[in-house]
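Participant: Here it is: the structure, laid out below.
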Amino acid sequence: MISPVMEAEELTNDILAIKNIIPTKDDIWATFEVIENEELERPLHYTENVLEQVLRWSSLAEPGSAYLVVKRFLTTDTIKHYNGR
């Protein structure tokens, strides 16, 4: 259940708790918005209101094709890799 004031960080933490996932100190998990039949994906800012974002999907051509997913933010691994060189 998503409350009207739930932010992306809270949703991410709730999902991790439900799935019994304990991130390591180097793991960054985030909620991602996926739209346009998986052609566009972006991480939600941790303070972004989740419900407001979901309600914006009603203006999409195919609102039912949009969804949220919680996963590791792998871009940070790439940045760390290249910064370590």
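Participant: Exactly one condition in (1) under 21 Å from Leu74 (Cβ atoms); (2) exposed (fewer than 12 other Cβ atoms within 10 Å of the Cβ); (3) modelled with pLDDT of 95 or more is not met by Thr47; state its number.
Facilitator: (1)
Participant: Now for a separate question. List every residue pair whose Cβ atoms lie under 7 Å apart, where the two residues are 6 or more positions apart in sequence or sit on different chains, the first residue falls within region 2-20 and is in contact (Cβ under 8 Å) with a residue 24 or more places away in the chain and aliphatic (A, V, I, L, M), and the second residue, located anywhere, is in a helix (DSSP H, G or I) and surrounded by 16 or more Cβ atoms within 10 Å (Cβ to Cβ).
Facilitator: Short answer, once both residue conditions are applied: Ile2/Leu11; Ile2/Val50; Met6/Val50; Ala8/Val50; Leu11/Val50.
Participant: A further question follows. Quick check, is Asn20 over 11 Å from the mean Cα position of the chain (by Cα), at pLDDT 95 or above, assigned to a loop (DSSP other than H, G, I, E, B) and exposed (fewer than 15 other Cβ atoms within 10 Å of the Cβ)?
Facilitator: Criteria met by Asn20.
Participant: Quick check on my filter: what residues within region 34-57 are under 14 Å from Pro4 (Cβ atoms) and of a type in the set (D, E, K, R)?
Facilitator: Step one: filter region 34-57 for residues under 14 Å from Pro4 (Cβ atoms), giving 48-55.
Of everything in region 34-57, those that are under 14 Å from Pro4 (Cβ atoms) and of a type in the set (D, E, K, R) turn out to be Glu48, Glu52.
Participant: Report yes if Thr31 is open to solvent by 60 Å² or more (accessible area, probe 1.4 Å) and either farther than 11 Å from Leu68 by Cβ or at pLDDT 95 or above (or both), otherwise no.
Facilitator: On the way: open to solvent by 60 Å² or more (accessible area, probe 1.4 Å): no; either farther than 11 Å from Leu68 by Cβ or at pLDDT 95 or above (or both): yes.
Criteria not met by Thr31.
The values are calculated or read from the model by the stated rules, or taken from the named source; none is laboratory data. Keep in mind the model is a prediction, meaning the values are calculated, not measured. Note that we place each Cβ from the backbone using ideal geometry, even for glycine, and neighbour counts take in every protein chain shown. All accessible areas refer to the heavy atoms of the entire protein, side chains included, with ligands and DNA or RNA removed. Shrake-Rupley method; radii C 1.70, N 1.55, O 1.52, S 1.80 Å.
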